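Quick notes on the structure that follows.
The values are calculated or read from the model by the stated rules, or taken from the named source; none is laboratory data. For clarity, every value in this text was computed on a predicted model and none was experimentally measured. Note that we place each Cβ from the backbone using ideal geometry, even for glycine, and neighbour counts take in every protein chain shown.
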Amino acid sequence: MKEISNQILKPLIDRVEKECRELYHQVGDPASEEGVELKSFLQRKIRQLEMLSVSINYISTLPEQPDLPDLRSTFRQLKLELRFAQRRWKRILLGEARVQRNQEKKNRLSDKFAA
């Protein structure tokens, strides 16, 4: 039963890893410090997902041990952290857009009063 559960988990891990890589590429070369932190955070999560994917193959061959981490809960935690990172990236983008709009307004007003 545990082996079947782990086999079902494998494509889900692959999908989340793909989403994480896509977000990593969206972040690209961040200008802000928050973006740099997010990019390093995503690098760590990608490595953890890769390790989780590899461990699925081996954990089914090991005897039942209570000290081994539960793969489902580990996957769930990584998935939640990815969703958190996606929301954080959207906040960063919205903040940058807001700053740019405010700067444009400020420039227009200063041009208007300078003329």
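Results, tabulated for the structure shown:
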quantity: Failed item in (1) within 14 Å of V27 (Cα to Cα); (2) touching a residue at least 12 places away in the same chain (Cβ under 8 Å), with L78 passing the rest; calculated: (1)
quantity: Identity of the residue in region 69-115, under 16 Å from Q48 (Cα atoms) and assigned to a loop (DSSP other than H, G, I, E, B), that ends up modelled with the highest pLDDT; calculated: D70
quantity: Candidates I46, I56 - the one that is surrounded by 11 or more Cβ atoms within 10 Å (Cβ to Cβ), part of a helix (DSSP H, G or I), at pLDDT below 85 and in contact with a helix residue (DSSP H, G or I) (Cβ under 8 Å, 6 or more places away or on another chain); calculated: I56
